[in-house]
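None of the figures in this text is laboratory data; all of them are computed from the coordinates on show. It should be emphasised that the depicted structure is a prediction, and the values quoted were computed from it without experimental measurement. Quick reminder, even Gly has a Cβ in these numbers, built from the backbone with ideal geometry, and neighbours come from all protein chains shown.
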Amino acid sequence: MNFCLSWIAIKGPSKASVLQVLGLTEVAADVQPLQSKYEVAELPSGWTVILAADFNYPSPARMAAVSLGGKALACSINERTMYSVARFYEDGKAVWSVDHDGGEKGVYHLDVAGDPPSELTEVRARLTARQDEKGGEDSDTDYLIELSGELSQVLCGYHFDPQEAAPPFTPLQKVGGRGGGWLRKLFGSQ
């Protein structure tokens with residue numbers, strides 16, 4: 001399955017303040033989950049997750065804004081180009097980023113900036129070993145594209161996986177706008 005999406009996990013600010021900063025509002029309950037362009041879920045770990053049908057949604061300006069008074073972890077994955085990135089902001093400032101460009105720079109590519117968490121070492125080692133075991137550069141699969149998502153899972157408890165049960169998400173729309181059906185187009189009607 002080739003998907004292109006992103007999410008921002010925020011800890012500190014309330015869900016209401018995050019939605020206000022992002023200019024989003026919850027949609028009436030008659031809209032099916034995983035059917036709108038933006039969705040929100042509150043995790044047991046205390047993080048609020050905004051899922052978006054836009055690889056570039058976690059822009060530096062958005063990340064700075066939603067991390068004020070807390071932390072924000074963003075993950076963007078484009079399986080069509082084999083590109084993924086994780087970024088972390090705290091109190092409005094960028095702390096670290098990890099980019100993987102398997103499409104242009106090879107399956108082992110990883111560009112790390114800032115001061116990444118110690119968990120990166122274990123996640124990277126595990127995925128690199130799996131890439132090696134499955135044929136390295138000659139493999140049909142790019143395992144390191146999963147690094148940003150798996151690091152997100154370790155740090156905040158969330159990783160988008162259409163094959164696994166997800167926390168209950170609530171559809172969102174832009175304030176004064178209408179929601180879309182991007183996930184319905186991606187996965188078909190349910």
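Could you work out the relative contact order of the chain, using alpha carbon pairs under 8 angstrom and six or more residues apart, expressed as a whole percent? List each step's numbers first, then the result.
Values: 392 pairs, mean separation 54.9, N = 190.
Result for the chain is 29 percent.
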Problem - Helical mean residue ellipticity (222 nm; -39500 (n - 2.57) per DSSP H run of 4+; nearest 500) of the chain - result: -7000 deg cm²/dmol
Problem - Residue-span extension gain [D138 to D91] - 0.36 nm each, minus C-alpha spacing - result: 12.7 nm
Handout entry: Candidate lysines - alpha carbon under 27 Å from K105, same-chain residues fewer than 8 apart omitted
Key = K134
Practice task
Express in nm, to one decimal, how much length is gained between N56 and K105 on full extension, taking 0.36 nm for each residue of separation and deducting their alpha carbon distance.
Solution key: 15.7 nm
Practice task
Check the straight Cα-Cα distances from K11 and name the lysines below 29 Å, setting aside those fewer than 8 residues away within the same chain.
Solution key: K37, K71, K93, K174
Handout entry: Ordering of 162-172, 6-16 by burial proxy (mean other Cβ atoms within 10 Å per residue, highest first)
Key = 6-16, 162-172
Practice task
At 7 Å along the Cα-to-beta-carbon direction for both D161 and D115, put a label point, then send me their distance in nm to one decimal.
Solution key: 3.1 nm
Fill in the blank from the handout: Note to self: Kirkwood Rh of the chain, Cα pairs, one decimal, Å, is 17.0 Å
